[in-house]
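Worksheet: one structure, shown below.
The values are calculated or read from the model by the stated rules, or taken from the named source; none is laboratory data. Given the structure is predicted, the values throughout are model-derived calculations rather than measurements. We place every Cβ from the backbone using ideal geometry, glycine too, and count neighbours over all the protein chains shown.
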Amino acid sequence: MRLSRRTFLQASLQASTSGLAAAILPSVILPGRLLAAEEGGVTLTAREVPKTLPGAVGPSTLWLYDDGKNDTLPIVLRTQRGRPFKAVFRNELKEHSTIHWHGLRVPYAMDGVPYFTQAPVKPGESFTYSFSPPDPGTFFFHPHCNTVEALGRGLAGVLIVEDPRDQGLFDVEHVIALKDWRVKHDGSFEDFLTDAGAAKAGSFGRLRTANGQAVPVLTVPPGARVRLRILNLDSTRIPQLSLSGVRAVVIATDGNACDPFPLNAWRLGPAMRADVGFVAPEKAGAELVLEDVFSSKPRPLAKIVTAGQGLRSTRASLRLPPAELPVPDLKAATKLEFSLLAGHADPALEAWAKEMGATADEICLTQKVFWSINRQAWPGAAHDRKPPPLAGLKSGESYIVELFNGTPHQHPMHLHGQTFRVLGSSERDVPVHWADTVLVRPKERLRIAFVAGEPGDWMFHCHIIEHQETGMMGYLRVV
Ligand code: C2O
Ligand code: CU
């Protein structure tokens, strides 16, 4: 028997508002735990957890955010746009840490950058993050110091911000969080940062996973309108996504609704997200494969199988309600240019940092410098030795930034606290879209625009973490 769309959606809505990872039919899941505002939020304890990853024979020492309830890898939380969100961060690691809410336009004091927006949270200490997410979408969170190891060991979580406007648009959604692991066969980790990797495209993990599994099999009802929330939580790899067997479109970039465009080999750099929509085949037992088609031999990442009662879809469009973000005034915008270049430690900056009386932070520190922005390399990569800003901006004013990549490698560039419009590229057709992280290819000049948000020193860096930690990091000062 076919389940009517309405009955199904009501059941699904009920279950999602009851605060559970909602399993309505065995085959239908709204991923994540919805945090009702009145619940008082969530406690996220960062701790070491031994876990055997698929393909390894022994346990790996992972670092995870534990809320005591969620057993997915990584943790998946849901909240609602505009509602108060609260997370108590407890640090049970052996080093200091913070939580950065990647892509969320949170108040500066909540941005989770140690020494910049808050003091580092020392082992045994806690810090409470609270904000009301202004934008809906697929986001994630991670620490912002020794990120190469922390993220390498899995310290990240997914945060879905629901949009009341798109309730009922999809029958089912799944999270697909991609992450490779630099583990050996015995489960022990290889070095997270290598000179050879950091100076080139990064050090890749041999063991590839989605949701912590080799190739997860996700089920959807036949005929269902499906939303996949795909996140690249890896520090290095840049997959090119393709979904065989259906007409799949990208409906949101970095969580922000876009004019749907074919998924068709969309490159998802580290930290980037793509929401993908499609209508599942009407037949039960159909199998769709999400693949990385980067190399000539496509690599399956996840499988989607139709099962259970069929749904009938009448609505044609998969389009999300439009993003509601500050729209830059391109005519009045001030132009800035940032060149991504090779770099070396700048003695003047080092001296300046010393003069400022800053002390080196042992654990944030990487002494090597391979990269720079506008020939300015972060001195020693530690946050507590603050170089001058890359540029000064005025809150509320519009900016057009040209990003030039003068290196032979791709760089997924991320700007904290502002969602920017990707306008176009000198080298290729890019759909105009909103983003917080954008992949800049070699020789490319890519133009982005945004309205400067809240005053603060907002980080701007490559999200290939080995590049970030060896110089390709700076900040924009908004006053
Ligand atoms: Cu996702 Cu500054 O980082
Ligand atoms: Cu880079």
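Of the residues Val76, Val57, Val49, Val106, only one is away from ligand 2 (no atom under 16 Å from the Cβ), aliphatic (A, V, I, L, M) and more than 22 Å from Trp181 (Cα to Cα); which?
Working: Val76 fails: more than 22 Å from Trp181 (Cα to Cα); Val57 fails: more than 22 Å from Trp181 (Cα to Cα); Val49 fails: more than 22 Å from Trp181 (Cα to Cα).
When all the criteria are applied, what remains is Val106.
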Fill in the blank from the handout: Quick count over segment 466-479, residues being within 20 Å of Trp181 (Cα to Cα) and within 9 Å of ligand 2 (Cβ to nearest atom), is 3
Problem - Criterion (modelled with pLDDT of 95 or more and within 13 Å of ligand 1 (Cβ to nearest atom)) met by exactly one of Leu439, Leu423, Leu415 - result: Leu415
Problem - Test: Gly406 is away from ligand 2 (no atom under 11 Å from the Cβ), more than 22 Å from the chain's Cα centre (by Cα) and either over 29 Å from Thr194 (Cβ atoms) or not acidic (Asp, Glu) (or both) - result: yes
Problem - Meets criteria (surrounded by fewer than 24 Cβ atoms within 10 Å (Cβ to Cβ), in contact (Cβ under 8 Å) with a residue 40 or more places away in the chain and under 23 Å from Gly205 (Cβ atoms)) for Glu149 - result: yes
Exercise for the section: Could you grab the pairs with beta carbons closer than 8 Å, sequence gap of 6+ or different chains, first residue in segment 170-192 and in contact (Cβ under 8 Å) with a residue 12 or more places away in the chain and in a loop (DSSP other than H, G, I, E, B), second one surrounded by fewer than 19 Cβ atoms within 10 Å (Cβ to Cβ) and aromatic (Phe, Trp, Tyr)? Expected result: Arg182/Phe189; Arg182/Phe204
Exercise for the section: Being within 12 Å of ligand 2 (Cβ to nearest atom), touching a Pro at 6+ places or on another chain (Cβ under 9 Å) and outside any strand (DSSP E or B) is the filter here, so list the residues in segment 416-445 that pass it. Expected result: Pro442
Practice task
Consider Leu73 carefully, then state whether it is closer than 27 Å to Leu207 by Cβ, more than 16 Å from ligand 1 (Cβ to nearest atom) and either over 20 Å from the mean Cα position of the chain (by Cα) or not in a loop (DSSP other than H, G, I, E, B) (or both).
Solution key: no
Exercise for the section: Among the residues of segment 198-223, write down those that are assigned to a loop (DSSP other than H, G, I, E, B), more than 16 Å from ligand 2 (Cβ to nearest atom) and among the polar types (S, T, N, Q). Expected result: Asn211
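So that you can scan it fast, the table gives a plain yes or no per residue for (1) farther than 25 Å from Val113 by Cβ; (2) away from ligand 1 (no atom under 16 Å from the Cβ):
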| position | (1), (2) |
| --- | --- |
| Val148 | no, no |
| Gly168 | yes, yes |
| Ile176 | yes, yes |
| Leu193 | no, yes |
| Thr209 | yes, yes |
| Pro216 | yes, yes |
| Ser242 | yes, yes |
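Give Pro114, Pro123 a once-over and let me know the one that is modelled with pLDDT under 95 and away from ligand 2 (no atom under 16 Å from the Cβ).
Pro114
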